[in-house]
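Right, one structure below, let's go through it.
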Amino acid sequence: MARQDKLKLGTFVYTFGFHPASWLHPSSDVNGANDIAHLKKVAQMSEAAKFDFLFMADSPAAGIGDPDALARSPTKMNRFEPLTLLSALSMVTERLGLVATASTSYYEPFNLARIFASIDQLSNGRACWNVVTSDHDETGYNFNRTGLDPHELRYERCREFVDVVFGLWDSFEKDALLLDRDSGLYYDKARHHMLNHVGKHYQVRGPLNIAPSAQGRPVIAQAGGSEAGMDLAARTAEIVFSLASNIDRNRAFYANVKGRMPVLGRDPDDLKIMPGVVLNVGETEAEARAKVEFLIDRLHPDVGRLMLSEFLEADLRGVPLDEPFPMDRLPEQPKGSKALFEELTDFVKKGHTVGELIRLYAEKHTGNGITGTPVQIADFMEEWFETRAADGFILMFPTLPASLEDFVRLVLPELRRRGLFREEYEGETLRENLGISVPVNRHTAARQRSGTSGVQAP
């Protein structure tokens, strides 16, 4: 039976676009990394298209690696701090959700809870926190560490961190603000709560000194395919990001994560699984393919080597482009996508050169791209949606704003013709538009169970 809900769509934002050569595209704003007008345009275009949200990817560190390659790769080297940026974008949008990455490894819970609650109020209930623990060594060196903490420790700390943040967001119950000038009472003291958390990693007294927004608390996004990541998602997340590399694997991931939720007291419909997909669309297949080739042709070999080196965890500096790939540098196991690793391995075993491998990887480096006509892309999305491999997609546009404009002009009409995507927003808040519930405040729930009102007398 066809699904009754609609696709959820979000714009993934690296400043110039997802492709590392996107800043060289003639339609890009070369000053865009530090120009709010560029990102304002991307946000407002996404909102005009009725997308659910804009997602700001981030890492609290500059990139590391070959300096010659980094000098040609601006994405990680020059960009806004995302929470500051979302605050600004909240003033120039009205319905678009605003999602930013912030790491539990390098913030304090109270600080992060207050910042996101503030953005949620500034935006009238449109904020979303993408919870990460960070996965690159370079981040630790900026925060009094020598590299990255062990995976298990990061997730253990993350679970406690999120619990504390949720507790702080419950400091004020709904309707706690009385705003009663006659009695002189601003808030009901019985509905404002201390946290007094003392745990293994954090001691946080609270309460939080900002009231909740119209959506109760910010939405939680999360990514991670490990057992710890899936468990965290089932317990806390309302959006989960994955890679759209294989429909069967995503269908299994979808069922796995959502299948854990009922025993945790959560409704699976309160979680939207949204794979990331790189899109190149043209009115014809040839036109779409030409867009791919245009960017690959402008990818400098040093940048290609750096990308490939990161994926293979192999140092390829100085390896001639016109010689076969040195097989002794190929790892036994991949760091990222197994399917993509196997495709690259098969390619180099046929004797292709390093330069040819770089071109192949530049096209397929996420393992989740689709190049084609509007009908082909709509077919792809519809199959994933209807067979429950996805509730929607994070659209990783190769260039911004050009690829976004192409999608809106060519693909959205086809999705709407099929009844797969909204014509208008369903509500005012991100939760309303995603179709997910407002979590019940823990103190309100406890009082309801006990049958007391807790209302302060004037």
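What to note about this one:
- Structural descriptor for the chain: relative contact order 22 percent, calculated from alpha carbon pairs under 8 angstrom and at least 6 residues apart.
- Label point 7 Å beyond Cα of TYR141 along Cβ direction - residues of segment 49-92 with amide nitrogen under 20 Å: 58-79
- Label-point separation in nm, GLN121 to ILE64, each point 7 Å along Cα→Cβ: 3.9
- Per-q log10 I(q)/I(0), segment 207-361, q = 0.14, 0.15 Å⁻¹ (Debye; single scatterer per alpha-carbon; no solvent): -0.89, -0.95
- Put a dot 7 Å past the Cα of GLU405, heading toward its Cβ, do the same for GLU313, and the two dots end up 4.2 nm apart.
- Here the contact order of segment 286-364, divided by its residue count and restricted to Cα pairs under 8 Å and six or more residues apart, works out to 37 percent.
- Under 5 Å between amide hydrogens, built in the peptide plane, is the criterion, and for VAL132 it picks out ALA102, THR104 among residues at least 5 positions away or on other chains.
- When the helices of the chain are scored as -39500 (n - 2.57) per DSSP H run of n ≥ 4 and the total is divided over every residue, the value at 222 nm lands at -11000 deg cm²/dmol.
- Of every Cα-Cα pair in segment 286-364, the percent that sits beyond 17 Å: 43
- Backbone geometry of segment 241-250 corresponds, through the Karplus equation with coefficients 6.51, -1.76 and 1.60 at θ = phi - 60°, to 3J(HN,Hα) couplings of 9, 9, 9, 7, 8, 7, 5, 5, 5, 5 Hz, x marking Gly and Pro.
- As a length-normalised measure over Cα pairs under 8 Å and 6 or more apart, the relative contact order of segment 5-112 settles at 31 percent.
- Computed from the C-beta positions of ASN111 and ASP269 and an R0 of 45 Å, the FRET efficiency is 0.90 to the nearest 0.05.
- Taking only the C-alpha atoms of segment 389-458, the Rg (one decimal) and the largest Cα-Cα distance, Dmax (whole number), read 20.9, 60 Å.
- Förster-model FRET efficiency, 25 Å R0, SER437 and ALA2, C-beta, rounded to 0.05: 0.60
- Rounded to 5, percent antiparallel among DSSP beta bridges of the chain: 15
- Label-zone membership for segment 44-77, site GLU323, 7 angstrom Cα→C-beta point, backbone N under 19 Å: none
- All-pairs Cα distance distribution in segment 107-203, expressed in whole percent, bin size 5 Å: 2, 11, 16, 19, 18, 13, 9, 5, 4, 2, 1, 0
- Taking 0.36 nm per residue of separation and subtracting the current Cα-Cα distance, fully stretching the chain between GLU94 and GLU156 would add 18.7 nm.
- When each of LYS40/LYS364; LYS8/LYS258; LYS76/LYS350; LYS6/LYS50 is checked by Cα-Cα distance, pairs over 22 Å: LYS40/LYS364; LYS76/LYS350
- In nm, spacing of pseudo-spin labels at LEU185 and GLN333 (7 Å Cα→C-beta vector): 6.0
- The dipole here belongs to the chain: it is taken about the Cα centre, uses +1 on the Cβ of Lys and Arg and -1 on the Cβ of Asp and Glu, and is about 1200 debye.
- A straight chain from ALA71 to THR284 at 0.36 nm per residue would run longer than the Cα-Cα distance by 73.2 nm.
- In degrees, nearest ten, helix 151-169 long axis to first principal axis of the chain (Cα): 40
- Ranked for footprinting exposure by Cβ neighbours inside 10 Å, fewest first, SER27, SER87, SER73, SER183 give SER183, SER27, SER87, SER73.
- Nearest 10 degrees, 0 to 90: helix 338-349 Cα axis against the chain principal axis: 10
- Fraction of antiparallel bridges per DSSP, segment 93-241 only, in percent to nearest 5: 30
- Fewest neighbouring Cβ atoms within 10 Å first, the residues ASP322, ASP267 line up as ASP322, ASP267.
- The rule of thumb for compact globular proteins, 2.2 N^0.38 Å, goes into the C-alpha radius of gyration of segment 1-101 1.19 times.
- Convex hull per residue volume in Å³, alpha carbons only, for segment 230-288: 88
Read-outs throughout are calculated quantities, based only on the coordinates presented, and are distinct from any laboratory measurement. A quick note: this is a predicted structure, and the numbers were derived from the prediction, not measured. When we count neighbours, we look across all protein chains shown, and the Cβ atoms used for this are built from the backbone with ideal geometry, even at glycine.
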